[in-house]
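For reference, the structure is listed below as structure tokens.
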Amino acid sequence: MSLSRSLSLAGSLVGAVCNLAFALRLLALSRSLGWESESEWEGSTDAWAVDSVRVVWALLFAYFAAAAASCFIGFVGIAKHVRLFVRIYRDYSIADFVFVTLATLGVSYTTFSQPYVRSSVCEELSRHPELMRDMGEMGLSLENCEQWFERAVVAVLGIMFILIVVRLHIVIALSQYYSYISRELLAGVRTHILGMRTIKTDVQLQRIYLMPTPTSPSGSLLDGRSHQSPTSGDDVTVYATVPIGGMSEEDARKMHATPAWISTSPVSCSTSTPRSHRHSHSHSHTHPHARWNPHSHRHTSSRPVNDEKAPFPA
């Protein structure tokens, strides 16, 4: 998803800068339109012609200003992962792509199929000498207005078709990125509602039995029984490892053991191997003492041992 996000981020930034530049350029050229009537005796037809140019100029300025604002909102939304801003920018991009594509096809068809369009445009431009003087830097004059307009339309159409292809890729990337963040948000909401946490599948769970502590009632009962037996100074506590598979749940229930689950990892298994060796070593050394002392106390342990074994007193 990083490619879609990067492409969408770059497209929104370039779109914001370019549209803002076009809007400022149109605002600067609007001073050359002659917004006030040059004479009061001019006919109503000339007034309507000037009004049409004003309307077209105002619509172009509003279009580029809105495009710049939408691209800026999209840039902020993509950079900060704001789903609402990304949705606004996506909807605008789809609508603008459809509008620009249809407008390009319509203008190209009208320009080359209706010859009077070029003459009408040149006639309208001739009524604004200040605008013609400003556009003279691009080679426009009253003599070559129709030829210049035709070449300009061809150049603009070529650029527009290239931009349409580029914007199509940007719209696709933006839609993919919006779908991605929508799925992410939906998964987060489901996790929050259900109160579930993501569990790693590679973590292995091991079942153990927890023996009661001396402070528990069962532990006190065991201590009371041990006090009733004769004691000696050489009592040794011996711990034996009892496999869980060799003991039934009834036996564990009689010994007041509580079943529990712990997670094991390769690191913990590897580190616990020496401990198990030391445990078996101590068991081998202390076992003879247990034979000599039949009245040794039987204590319990709550330390878990790996390899599906639980500690029990021998």
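Please list, by residue number, every one of the GluC sites (Glu not before Pro) in segment 117-155 that is coil in DSSP and has at most 11 other beta-carbon atoms within 10 Å.
Glu143
To the nearest 0.05, how large is the calculated FRET efficiency for Glu123 and Leu60 if R₀ is 22 Å and r is the Cβ-Cβ distance?
0.70
Calculated FRET efficiency, Leu24 and Tyr116, Cβ-Cβ r, R0 30 Å, to nearest 0.05?
0.35
Pop a pseudo-label 7 angstrom from the Cα along the beta-carbon direction at both Leu157 and Asn144 and give the gap in nm to one decimal.
In this crude spin-label approximation the distance works out to 2.1 nm.
All of the numbers you see were taken from the coordinates with simple rules; none came from a lab. Note that the structure is a prediction, hence the values are computed from the model and not measured. Every residue, glycine among them, receives a Cβ derived from its backbone with ideal geometry; neighbour counts consider all protein chains shown.
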